[in-house]
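Note sheet for the following structure.
The values are calculated or read from the model by the stated rules, or taken from the named source; none is laboratory data. Computed from a prediction, not measured in an experiment: that's the story for all the values here. Methodologically, a virtual Cβ is constructed for each residue, glycine included, from the backbone with ideal geometry; neighbour enumeration extends over all protein chains shown. The accessibility values were calculated without ligands, DNA or RNA, using every heavy atom of the protein model including side chains. Shrake-Rupley method; radii C 1.70, N 1.55, O 1.52, S 1.80 Å.
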Amino acid sequence: MFNTMYQNNLQIISWNADGLKGKFREFKYFFEEWQPDITALQETHLNPGDRLRVPNYSAYRTDRTTHTGRGTALLVKNSIYHHPTPIVSSSFENTTIATPE
């Protein structure tokens, strides 16, 4: 299930993928229809060698390398000024960016 919210006129989508590779077609159709500004993905289950490329978007990922499952990602429209802001944590998985106000 996709969750949608608007924050400061940005459309932000959050999706717990529970394995993005097996559901990429579903994700692609949804993504192409809505064209969100920022998409937050949880439980991507991607490995460092897996590609996640969407035209006109920058992708940021945190893949779990210690065992299978988990992982987070953000897809941000290239037209939005932003930069990655890594938050190192041993207690939770995260992928973060910052956008100026």
Dipole magnitude (debye, nearest 20) for the range 12-77, charges at Cβ of Lys, Arg, Asp, Glu: 220
Hey, got a sec? Which trypsin sites (Lys or Arg not before Pro) in the range 17-101 land in a DSSP loop and have at most 13 other Cβ atoms within 10 Å? ARG51, ARG53
For a quick size check, give me the Cα extents of the range 12-77 along its three principal axes, largest first, whole Å. 34, 20, 18
Quick one: with all protein chains in place, what share of the accessible area of the chain is carbon or sulfur, to the nearest percent (1.4 Å probe)? 50
With both partners inside the range 12-77, how many of the DSSP beta bridges are antiparallel, as a percent to the nearest 5? 70
Out of THR96, SER58, SER79 - ranked by how far each Cα lies towards the positive end of the dipole of the range 12-101, with unit charges on the beta-carbon of charged residues - the top one is SER58
